[in-house]
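Derivation of every value follows stated rules applied to the coordinates shown; laboratory data play no part. As the structure is a computational prediction, the values presented were derived from the model and not from experiment. We place every Cβ from the backbone using ideal geometry, glycine too, and count neighbours over all the protein chains shown.
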Amino acid sequence: MRSPASVSRSRTSRKRFAVTAVACALVAGVTAGCGSSGGSSSSSSSGTIHILVYGDTGNTVEKQIVDTFNKTSKVKAVLDTIPGANYQTKLQTIINTAQAPDVFFNWGGGSIAPFVKSGLLMPLDSFIAADPQLKSDFLPSVFNTAVIDGKSYGVPMRGTQPVLLFDNKKVLADAGITPPATWDQLLADVQTLKAKGKTPIALGGGDQWPTLMWFEYLYDRVAGPGLFEKALGGDTSAWASADSQKALGMLKQLVDAGAFGTNYDSVKFTDGGSPALLAKGKAAFELMGSWEYATQKSANPDFTKNDLGYSNFPTIAGGAGNAADVVGNTNNFYSVLKNTKHPDAVAQFLKLMYSDEFVKAQLGIGNLPTTTNTPQFLSTAADPAYDTYQYNLVKQAPSFQLSWDQAYPPSATTAMHQAVQQFVDGKLDAAGFIKAMQGLPTS
Amino acid sequence: MRQRPNYLAGFGSLIWLFLVGLPLYVMLTATLRTQSDYSTSGPLSFPAHLTLQNYLDDFSNGFGRDFLNTIVVTVSVVAIVLLVVPPLAYAIIRSRHRTMSTVFRIFLLGLAIPAQAVIVPMFYVISKAGLYDNLVGIILPTAAFCLPICTLILTGAMRDITSELYEAMAVDGASPARVFRQLVVPLSKGGLSTIVVFSALQAWNGFLFPLVLTQSDSTKVITLGLYNFQTEHGVDVPGLLSAVMLSMLPILVVYLFARRALVRGLMGVGGK
Amino acid sequence: MTSIIQQLLAKSARREPPTTGSRGDPGGRSPGYRSTAGSAAGADRRRAVRSGVGATRPGLAWAVPATVFFTLFAIVPLVLVAVLSFTSWNGIGTPKLIGLSNWSALWHDPVMLKSLWLSALLTTLGVVVQTPISILLGVWAAGHQRNRAVLAAVYFVPLLLSVTAVSVLWRALLDPNFGIPSDAGWLFGDGNLLGTQSGSIGVLAFVGAWQWTPLHTLIYQGGARAVPQVLYDAAAIDGAGTVRQFFHITLPQLRNTVITSMVLMVVGGLTTFDTVLILTQGGPGTDTTISAYYMYQQGFLSFDFGGASAIALVLVVVATLLSLLMVRLTGYDRMQSTAEGL
């Protein structure tokens, strides 16, 4: 526990240094030796491409698409998954090593910006030139999320995930209210629900990102999408603007009114806590990504069928934002590493992302692809009404704001989440929150 | 003192029994009920219907594979420790070579290195060696971080072998290898069993190295499986807790059949 | 009783090379000591043995496998950590040397200071909560009555669970809406245990105690059983009651055990990681971001591996300093010499 005796420090430390140096040389030799053999055994040379995706229940479709691809391709695709919580961490640690995949799942925007900057990703423009459908078959507002510096780096996969205000129809009916169309109505509903002994809004504050969704919508409704774009572009004075202060004030008002109850920071979405509050009728609303539907359907099928309601975020009187704007994850994307040994096979694989088979399979598990051929299959979806509602919402939205934590580079995520949580907890005031946001790295 | 009942201590021990027993009761009953029963009736109630479905589900979710991986890791770590530590401890005790004290100090220094502190370069080294996402990549660092404490435990045990015994063997002209085989190993059995218990527990419970150094299902160990289970299907508390229960089972079996050895081994971690 | 940790502390405190000076190993003592000891005949015999001793002593080769192995996977990474702490590296490109920037940033980082504070607080709480409980339980369980043996077996169960399993278990049990707090509102209120700083620190301390008290109980049980029965018999003749015996015989006799157990608690407390990752993720805000977790967060969540390495090095230095401090404060070297005089 104690470092070498001080009496003979110089001698022993010199000796220890020598030992270490030898060991360093050894490790260098070992790693060099292993490195060359490891490199050849892994990934591409044996005629495979590795597809790395976020591991969750949606993997069934990715598996199906890979099987379809392998039926006709000589280069075989291998599907690798990393469980959700670790995905971004693992991706960034392996992306510049021999273990890097050929194609990987991401959220576009800031989630791939550092990789583009390091020159690791392949611009897909040549693929698109060869097959224009790789671009033209997707909704432009979605496709553009993965365009960086004028070049396309991602092809949409899975579906779009707008954030919606979900509700428990039965709880609303018992309280004699309907989904709020305006902010003031929401504040009034909070009082009504509290009087009924319900938690008005379920919030998985323990995960932090569900809390962020409230910021995203309030800023959009109050200031329009420009404020955030300005801040992300590097003009951090946007955070201190009057609109920013106003949005923070309104959120504070909602929290202080007891809209989220008192124990929201001990509740998580990821462990099923907040969805259960909604499903069991302990809470009336939950602001969540469209995946809430699939989550509820697997955990509480009866509730989903009979009582799960959804609506767009309420409008705010006097706000600059369009009431039809949405925020959320515009889509997930497949991006391609520059180092891939089989670009042609990758191009063939990406074509499947707008195939009829892909769209039908995604709709079947509750995802909503944003391809131009999606509408013709909406009737085959698990819940056609829900998917049609979402599709039209996204298609008609003047702005689809990518979630802040995906728009910023991953290095900003932790600090952003902490600031969000601390503001809602009252540990940071508006000035403190603004200062924290101004301190985030934007590139 | 040992004959009179000690009511105060007895009362305190009952409180602790409650604190230990209640969570165990909740865990056991939760694993035997359905998810909806758990969330509607509350964790403290007794299940309306008993079911083993949660355990079956765990196995269909790949618990068996995680289990095998963990066994492989544990056995390998123990094997490495048993292979390198006894000769090292023997050399530390008996060698007169001047470098020995430096060697021993390297291991002393190792006691102050928390595994977390080196996880960043460890990832670098393992990935450069082509061992990322490979069980070997977990086994090697886990074993390495068992070495300092195991060396200390074993040197402690070997110091109790009296010099007369060594001298007796020396008179017979025994080689170091023979002394090691016929004297040192048989007489440090207590220490050896302690390091087996210690390194096996370290490997069985290891979390950080698997978290950072593996990613695939095929290399997943139990602890990582529990962590992933929580982030993927946290809503399924009965399923999660039955996985926790299953993760405890092998050690429980060892505990039931070799309680004395295990307890003595653990006591040995602190002293003997 | 000899404990490994104490031997270790004593060794380093007395600045002696490890091959010398332990009881029952005169072979390690200086040749001068040997030749003056014993009768002339004895000295002759010993000299004869000594001449053959060279052959029976293991050479350096015996230590090589373990040393190389350990160097590769512990010392080399440690050296690399030190190097990385002077670089900027996001895990994608190659590390870039940036001098002392990480260190000056760390020096001015309020979260770093807070994290050290929190580490110290959690470690102290661990010691303060677990020590009295485990001494009492350990001494009590040292008795050979049947009921005690049965209860001790139950106490042992948390030790069969991994830290990950324990954390996952408590995360589920403490859920405010569907865990124990929902059934026991009179005790937990709204169940917002993980949403406040005091609540989440309390949970971490409690879960730590729940898991580790059994180990320390075992250690104290072993220690208490080693206390010579004659001491109690003598005290009983003097008419000392249970309480007096506990304070005047058991506790003083357990002094070495206390040190061993505390060293384990302090090292364990400083390196707590799994529990924080699973139960609180350092939250709410940064309220439970202890240093070990802060390092993980900076490295693997914010991809600042240079800054993370600097934190890691601080952790190593703090752990080393603390162990030195413990040697001094407990005056272990002094105690060891009185023990040897017995």
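Summary of values
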item: Dipole-positive endmost among A:65, C:174, A:188 within the protein assembly as shown (Cβ charges, Cα centre); result: C:174
item: Test item: Cα-centred dipole of chain B, Lys/Arg +1 and Asp/Glu -1 on Cβ, debye; result: 1180
item: Distance from segment B:44-78 to segment B:12-40 (C-alpha centre basis), Å; result: 18
item: Equivalent ellipsoid semi-axes - Cα gyration tensor, chain B, angstrom; result: 41, 27, 16
item: Rounded Å value of the spacing that divides the Cα centres of segment C:117-139 and segment A:93-119; result: 45
item: Dimensionless Rg/Rh of segment A:75-173 - Kirkwood Rh, Rg from C-alpha atoms; result: 1.07
item: Angle in degrees between helix B:222-233 and the longest Cα principal axis of chain B, rounded to the nearest 10; result: 30
item: Anchor residue A:360: aspartates and glutamates whose Cα lies under 18 Å away (excluding residues fewer than 8 positions away in-chain); result: A:62, A:67, A:137, A:383, A:387
item: 0 to 90° range, to nearest 10: angle between helix A:209-223 axis and chain A longest Cα axis; result: 60
item: Shape parameters for segment B:7-51, alpha-carbon atoms, Rg then Dmax in Å; result: 13.7, 43
item: Charged-residue dipole, Cβ positions (Lys, Arg, Asp, Glu), chain A about Cα centre, Debye nearest 20; result: 1840
item: Estimated vicinal HN-Hα couplings, Hz - segment A:391-399 in sequence order (Karplus 6.51, -1.76, 1.60; Gly, Pro = x); result: 4, 5, 4, 5, 5, 8, 5, x, 9
item: Cα lying deepest toward the dipole's positive end in the protein assembly as shown, options C:282, A:110, C:137, charges on Cβ; result: C:137
item: Radius, Kirkwood style, for the protein assembly as shown when every pair of distinct Cα atoms is counted (Å); result: 31.3
item: Amide H partners (placed H, <5 Å) of residue C:288, local residues excluded; result: C:283
item: Electrostatic dipole magnitude of the protein assembly as shown [Cβ: Lys, Arg +1; Asp, Glu -1; Cα centre; debye, to 20]; result: 5360
item: Residues of type lysines that residue A:194 reaches as a straight line, Cα spacing below 23 Å, ignoring anything fewer than 8 places off in the same chain; result: A:169, A:170, A:252, A:268, A:280, A:282
item: Relative contact order of segment C:116-229, pairs being alpha-carbon contacts under 8 Å that are 6 or more residues apart, as %; result: 45
item: Square roots of 5 times each gyration tensor eigenvalue, C-alpha, segment C:48-185, largest first, Å; result: 41, 37, 16
item: Max mean-square fluctuation residue, GNM over chain A, Cα-Cα springs under 10 Å, options A:430, A:231, A:195; result: A:195
item: Derived scalar couplings ³J(HN,Hα) [segment C:289-305; Karplus, 6.51 cos²θ - 1.76 cosθ + 1.60; whole Hz; x for Gly, Pro]; result: 6, 6, 4, 4, 6, 4, 4, 4, 4, 5, x, 9, 10, 9, 6, 10, 5
item: Residue-averaged beta-carbon neighbours from other chains (10 angstrom radius) around B:207-218; result: 5
item: Largest-first principal axis extents, alpha carbons of segment A:379-443, Å; result: 48, 28, 21
item: HN-Hα J in Hz across segment A:328-342 - Karplus 6.51, -1.76, 1.60, θ = phi - 60°, x for Gly and Pro; result: x, 8, 4, 5, 9, 10, 9, 10, 10, 7, 4, 6, 4, 8, 10
item: Fully extended contour minus Cα-Cα distance, from residue A:298 to residue A:170, at 0.36 nm per residue; result: 44.1 nm
item: Chain B: angle of helix B:99-111 to the longest principal axis, Cα-based, in degrees nearest 10; result: 10
item: Solution diffusion estimate, µm²/s, Stokes-Einstein, chain A, Kirkwood Rh from C-alpha pairs, 20 °C, viscosity 1.002 mPa s; result: 90
item: Where only alpha carbons of segment C:106-341 are counted, the Rg and the Dmax (Å); result: 20.7, 68
item: Sequence-distant residues sharing a close amide H with residue A:77 (under 5 Å, placed H); result: A:49, A:70
item: Shape metrics for segment B:49-90, restricted to C-alpha atoms - Rg then Dmax, Å; result: 17.6, 58
item: Euclidean distance of C-alpha centroids, segment C:173-205 and segment B:158-219, integer Å; result: 44
item: Extreme residue, positive dipole direction of chain B, given options B:34, B:239, B:129 (C-beta unit charges); result: B:129
